[in-house]
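Just below is one structure, and these are the notes that go with it.
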Amino acid sequence: MIWENYLKEEHCITSKKFEKETVLVAQVSVSIKKEIVQLKNSDAKYKNLDDSVLFAMYVSRKALQKTNWKPSDNFGINIGSSRGATSLFEKHYRSFLENNVAETLSSPTTTLGNISSWVAHDLQTNGPQISHSITCSTALHALLNGVAWINSGMSEKFLVGGSEAALTDFTIAQMQALKIYAKKSQQYPCRAFDLEKKQNTMVLGEGASVLCLEKGHSENAIATIEGIGYATEILEHNISISTDAGCFQKSMKMALGDLHPTEVDAIVMHAPGTVKGDLSEYKAIQKVFGEALPFLTTNKWKLGHTFGASGMLSVELAIFMLRHQHAISVPFAKEQKQPKQLKRVLVNAVGFGGNAVSVLIKK
């Protein structure tokens, strides 16, 4: 179903009515939302959890159904989020302002560590649990952590990813205050990887995505992580990266290692749909790959920007492309030739603070 939707040129961006206005967003589908409600009502303890936690629990259950993992394996869990329990935090804070009293469960249900700990509870495993926020590169930093734990010998398996449920009044207002949010509805409201655009067109999405990491080559492995890279650069502004994204240049070179740039067949860009963000990443790719650019794509024109979950959703797209040997185009971007083969796909993510991650995925 997911791959079939990628093959279509329609996007998943709709509109949602908030307290003061109707805004463009990318929401989880109605059918999945129903399943989330069922999950929430399946256990009395789950009824007070934020959607960011429930999303993570939902996709983690799905992921384990595709593996031979057992709770007794005591695998590690690192599922991060840029914002965490956004909706629940705003609800509890609003109640506090009105009544000058904090509700009983306002603290444990809004802490960021809530995500991985509840996933571990739901899956009944006792391995290490980590939650963190590294803004929009959170999910790929979770992947870095999982790789590090496994390579250190401290864990044999790690469940890694990101979850974001931040479609709230205050979060939307924050993005609008930064003047990076899409203002008008058009055929493609989020113009991610449109290098000619004159206005910022970021659209906020929600969702979760996780991967099951194991050392070595498992029989049911869907792909191999061949390289990882990371870098942070000195800020020019609270939300900016340099004009040629020095952090991306460093992270991509690190992920490539000794490979020649021509051995990368495609790149799933971070490309949030902002003028400076998209262009600076493209310039960084030009610096690293020269004139022989790989096939370039992004999924934010279709899914919106899911903040902390976005990097792992990009990894999912990369794996789909490798499996089906078909590169997904951005419908309004300059046309590119389909690669003759897809053997390696590089995935980029960066967050506020210039903290870039690049992950090289191999078929």
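Observations on the structure shown:
- Paramagnetic reach from residue 262 in the stretch 285-305 [backbone N under 17 Å; point 7 Å along Cα→Cβ]: 288-295
- Largest mean-square fluctuation among 319, 328, 32, in a Gaussian network model of the chain whose springs join Cα atoms under 10 Å apart, belongs to 32.
- Averaging the sequence gap over all C-alpha pairs within less than 8 Å and six or more residues apart, then dividing by the number of residues, gives the stretch 28-214 a relative contact order of 28 percent.
- With the cut-off at under 15 Å, measuring from each backbone N in the stretch 22-45 to a point 7 Å along the Cα-to-Cβ line of residue 185 picks out 22-27.
- Alpha carbon centroid spacing (whole Å) that separates the stretch 48-68 from the stretch 285-363: 25 Å
- Each peptide in 111-118, 100-107, 162-169, 193-200 gets a packing score, the mean of other Cβ atoms within 10 Å over its residues, and the list from highest to lowest is 162-169, 111-118, 193-200, 100-107.
- Relative contact order of the chain, taken over Cα pairs closer than 8 Å and 6 or more residues apart, is 21 percent.
- Take the Cα of residue 103, go 7 Å toward its beta carbon, and the backbone nitrogen atoms of the stretch 19-56 under 13 Å from that spot belong to 47-51.
- For the pair residue 31 and residue 74, the difference between a 0.36 nm per residue extended length and the Cα-Cα distance amounts to 12.3 nm.
- Cα→Cβ-extended label distance, 7 Å offset, between residue 14 and residue 44, nm: 3.4 nm
- The charge dipole of the stretch 28-214, taken about its Cα centre with unit charges on the Cβ atoms of Lys, Arg (+1), Asp and Glu (-1) only, comes to about 480 debye.
- Reach of residue 8 by Cα under 17 Å, taken over aspartates and glutamates that are not fewer than 8 positions away in the same chain: 316, 335
- Highest-first packing order for the peptide set 258-265, 305-312 is 305-312, 258-265, based on the mean count of other beta carbon atoms within 10 Å.
Coordinate-derived values only; no laboratory data. These numbers come from a predicted model, not from an experiment. Reconstructed Cβ throughout: ideal geometry from the backbone, glycine too, with neighbour counts over all protein chains shown.
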